[in-house]
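First the structure, in the form of structure tokens, and then the observations on it.
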Amino acid sequence: MRRKNTAISANASTAAAVLKALANDRRLEILNWLKDPRAHFPPQVDGDLIRIPIPALSEQRRKDLVKIAKKAGEECKVAVRKARHEALDMLSDLKESGDASEDEVDRAKKKAEEAVSEAGQSIDQIIATKEKEILAI
């Protein structure tokens, strides 16, 4: 969706976001997108307006969001480890084919391990920060 086709506003007193499509065909597209079960916010159509009620987060919902964030962090770590595995395989192939010396391969493996370690620490730090943000009232 292009931003020029929609107007987004929020009313703090009602805690609802209101989308007003400037073109009717876009309104139907927005509505279909919002009806996606992953959206978690059922839309309410009011003429040209689509209202999206956004409730305050309960403690349980905050905990659920922390779990989702941690799961996303673990998926990132898995992706980093997969990239490391692919890099190590590539380095082994280079060593076997004679395109790289054993010392070069060892240095590259050490760099790959360092990069994975740094990425893991960075991911952990980001998730810890996000957890604090989510749980803050």
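Couple of notes before you dig in:
- Linear extension gain, residue 31 paired with residue 45, 0.36 nm per residue minus alpha-carbon span: 4.2 nm
- Placing a pseudo-label 7 Å from each Cα along the Cα-to-Cβ vector at residue 109 and residue 96 gives an inter-label distance of 1.4 nm.
- The stretch 49-111 shape via C-alpha gyration tensor axes, a/c threshold 1.5: prolate
- Charge dipole magnitude, Cβ of K and R +1, D and E -1 - the stretch 59-135, Cα centre, debye nearest 20: 760 debye
The numbers here are math on the coordinates, done by the rules we state, and not lab data. Computed from a predicted structure; not experimentally measured. Ideal geometry is used to build each Cβ from the backbone, glycine not excepted, and the neighbour counts take in all protein chains shown.
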